[in-house]
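Let me begin by presenting the structure, written as structure tokens, before commenting on it.
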Amino acid sequence: MALDKKIIALIRKHAIKNAIDYGKARPENVIGKVLAEAKGQSVDEIKNEAKKVVDSVNKMSKRELTEAYKPFEKEFEKRAEEIAKKTEKPNFTIEGAIKGKVATRISPGPNGYMHIGHVKQALISEQIARMYEGKFFRYFDDTNPEACKQEYVDAMMKDHEWLGLKFDKTYYASDFVDRIYEYAKQFIEKGRAYACMCDRETMQKNRFEGKECVHRKQSARENLRTFNDMLGGKFKEGDVAIRLLGNMKAQNTVMRDPVLLRIVEAPHYRVGTKYRVWPTYDFNTPIVDSINGVTDIIRSKEYELRDELSRTILEALGLRVPRMHLEARLNIKGNITQKRDIRKLIEEGRLEGWDDPRLMTIMALRRRGIMPDAIRNFILKLGMTKTDSTVPFSMLLAENKKIINPFAWHLFFVSDPVKLTVKGTKPSKVSMRLLPSGEFGNREYDVGDNFYISNDDSASLKKRDEIRLKDFIDIRILSKTRSSVQAEVMNGEPSDKIIQWVPGNDHVECSVLVPGELVDKDDKFNPDSLETKEGYAEGYVKKIHDQEIVQFERFGYCILDSKKDMRFIFISK
């Protein structure tokens with residue numbers, strides 16, 4: 001029995017949507033969506049039809065796919081908004097928390113630039129602190145002199161300010177080194193740590209194999225003497241390290257005698273060469289958290305195995321143990337946040353820098369025209385969860401569109417321009433609204449008989465087609481070549497086919513960078529992840545400034561990246 005036409009149309013609609021979202025439609029994705037809406041239908045028949053429809057949709061050009069999606073665009077946008085409202089999680093609760101007695105923190109390591117994954121921890125930590133009428137701290141974990149730089153601190157502070165994060169206190173790990181030394185001595189005296197002189201390779205091999213080294217049998221007095229000699233400069237970098245006396249057979253490999261303090265000769269960006277012995281994150285951060293009154297720590301699930309180590313250190317020193325809350329990492333489809341991977345792509349020349357608009361660094365998102373409130377709304381709607389998931393970038397773009405839509409001027413842009421000559425026009429003045437509401441007034445042009453339209457629109461035209469130049473006149477196509485179109489003014493019923501245009505005598509050459517997904521499904525770099533569209537924008541574009549956002553009608557929202565070069569970056573549809 002053949003499927004009903006409505007079911008076939010439903011399959012096609014979801015296949016087009018799937019292709020819009022992911023570049024290509026997949027039958028299994030389409031089938032699931034259709035079966036959820038078409039109850040009682042034959043599964044086999046839907047599967048067979050879905051395969052045929054998906055094959056057909058995947059053969060469409062990008063332009064054909066975009067046109068095919070237009071009838072469904074508002075329907076899917078409305079549905080996404082409804083789902084977002086249902087899944088919104090405005091309440092963040094902490095078991096055992098008491099109003100007025102909560103303190104959270106973020107602990108950025110100033111060894112790179114902030115990305116959207118860091119923002120999740122920051123916003124949730126801030127949300128909890130404010131909800132419980134508590135404190136929110138910023139703690140720079142800068143105990144690695146070789147990697148930490150003032151440049152990164154400055155960049156993070158700028159990002160925090162732009163995101164609207166408000167801190168009750170800012171402090172640095174490098175301010176607490178002397179106090180950490182005192183706690184280290186206590187730890188050694190209690191027999192909980194020892195001085196190990198194994199080289200790095202041996203240490204790693206022993207930890208992997210669960211093998212104890214001879215230095216574990218040293219007395220507390222001997223270990224303390226060695227530590228004081230480390231502080232006094234008797235040893236060089238790599239000669240000795242202070243390690244936890246843990247359990248080399250532990251299933252949790254973190255507990256296999258990790259390094260707690262080590263010698264680093266490199267000068268520190270804040271304190272220079274004042275210190276040679278630096279604590280590791282594992283030893284330093286739990287202590288600094290505890291003595292600064294932090295009650296609740298929000299951190300990524302990847303730190304789960306380190307919770308046991310933190311508790312062991314604090315309990316041995318008689319310090320209060322904060323509550324620890326594990327959160328799933330925020331993964332954005334088609335992107336990466338690992339510093340080493342991004343740095344490699346920059347060094348290879350595949351990315352122009354840390355603010356490349358394809359990246360999820362905060363400086364890149366800011367450059368691309370993503371608003372701080374959009375990031376905040378996006379993160380807080382995801383809520384607190386321990387379940388790893390990869391979310392589409394379109395979710396953030398949808399939040400951003402709500403914010404920029406009310407103020408983005410509507411202007412015309414034509415890509416790969418084709419000259420249009422219209423017979424029968426007289427020199428006249430055209431006035432068009434900057435916003436549909438008319439709130440920001442109009443832009444005006446003196447026009448003649450020459451215009452430019454996009455190559456995509458030109459390619460779709462045939463002789464005798466009747467079209468409307470938006471907000472201006474109706475024309476009939478007389479003839480066309482690959483480089484030009486001739487038309488005449490048309491009198492009578494207005495055409496329902498509308499295209500954008502720019503005046504032949506008042507336009508500006510410009511380019512638009514169109515970022516795509518940086519990596520494919522196998523996390524391999526996508527060489528086609530940045531496209532450049534060349535074209536003309538209407539002359540009014542000269543009135544806007546760097547970092548201002550406009551809506552190029554039927555093209556998308558764009559931000560002016562460089563007025564000097566008249567270069568825009570595409571934000572979203």
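The values are calculated or read from the model by the stated rules, or taken from the named source; none is laboratory data. None of the values given here were measured: they were computed from a predicted structure. Glycine also receives a Cβ, built like all others from the backbone with ideal geometry; neighbour counts cover every protein chain displayed.
Applying the selection to the range 447-490, what residues are β-branched (V, I, T) and surrounded by 14 or more Cβ atoms within 10 Å (Cβ to Cβ)?
Looking only at the range 447-490, we keep the residues that are β-branched (V, I, T), and these are 447, 453, 467, 473, 475, 477, 481, 485, 489.
Across the range 447-490, the qualifying residues are V447, I453, I467, I473, I475, I477, V485, V489.
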Subject >> Residue that is farthest from the chain's Cα centre (by Cα), among those in the range 342-394 that are farther than 18 Å from Y152 by Cβ and either assigned to a strand (DSSP E or B) or assigned by TED's automatic domain parsing to the domain that holds K524 (or both) >> reply: S389
Original post:
How many residues are free of Cβ contacts under 8 Å to residues at least 24 places away in the same chain and touching an Asp or Glu at 6+ places or on another chain (Cβ under 7 Å) when one looks only at the range 457-490?
Top reply: 3
**OP:** Output the residue which, of all residues in the range 255-306 that are within 29 Å of R329 (Cβ to Cβ) and acidic (D, E), is surrounded by the fewest Cβ atoms within 10 Å (Cβ to Cβ).
**Re:** E302
**OP:** State which residue is nearest to R243 (Cα to Cα) when the search covers only the range 135-193 and only residues that are touching a strand residue (DSSP E or B) at 6+ places or on another chain (Cβ under 8 Å) and small (G, A, S).
**Re:** A193
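Tell me the residue from V508, V485 that is in a strand (DSSP E or B), more than 26 Å from E67 (Cα to Cα) and not acidic (D, E), please.
On the way: V485 fails: more than 26 Å from E67 (Cα to Cα).
None of the other options fit; the residue is V508.
Could you grab me the full set of residues in the range 416-466 that are aromatic (F, W, Y) and either in a strand (DSSP E or B) or touching a His at 6+ places or on another chain (Cβ under 9 Å) (or both)? Talk me through it step by step, then tell me what you get.
Looking only at the range 416-466, we keep the residues that are aromatic (F, W, Y), and these are 440, 445, 451-452.
The answer is Y445, F451, Y452.
Of the residues K99, K85, K13, which is at pLDDT 85 or above, assigned to a helix (DSSP H, G or I) and charged (D, E, K, R)? First the steps, then the outcome.
Working: K99 fails: assigned to a helix (DSSP H, G or I); K85 fails: at pLDDT 85 or above.
Answer to the check: K13.
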Original post:
Residues of the range 301-337 being among the hydroxyl-bearing types (S, T, Y) and farther than 30 Å from D21 by Cβ, which ones?
Top reply: Y303, S310, T312
Original post:
Pairs under 8 Å by beta carbon, first residue more than 16 Å from K5 (Cα to Cα) and in contact (Cβ under 8 Å) with a residue 60 or more places away in the chain in the range 40-60, partner aliphatic (A, V, I, L, M) and loosely packed, with under 12 Cβ neighbours inside 10 Å, six or more apart or different chains?
Top reply: none
Subject >> Those residues of the range 417-442 which are within 39 Å of the chain's Cα centre (by Cα) and buried (at least 16 other Cβ atoms within 10 Å of the Cβ), in sequence order >> reply: P417, V418, M432, L434, L435
Original post:
Among the residues of the range 547-566, is there at least one that is in contact with a Lys or Arg (Cβ under 8 Å, 6 or more places away or on another chain), surrounded by 17 or more Cβ atoms within 10 Å (Cβ to Cβ), modelled with pLDDT of 95 or more and hydroxyl-bearing (S, T, Y)?
Top reply: yes
**OP:** Could you grab me the full set of residues in the range 211-236 that are exposed (fewer than 13 other Cβ atoms within 10 Å of the Cβ) and in a loop (DSSP other than H, G, I, E, B)?
**Re:** K211, S219, G233, K234, K236
Original post:
Is the range 334-354 home to any residue that is closer than 15 Å to T390 by Cα and in contact with a Ser or Thr (Cβ under 6 Å, 6 or more places away or on another chain)?
Top reply: no
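Given E517, E548, E488, E531, which one is farther than 23 Å from M395 by Cβ and under 30 Å from the mean Cα position of the chain (by Cα)?
Working: E517 fails: farther than 23 Å from M395 by Cβ; E488 fails: under 30 Å from the mean Cα position of the chain (by Cα); E531 fails: farther than 23 Å from M395 by Cβ.
Residue meeting the stated conditions: E548.
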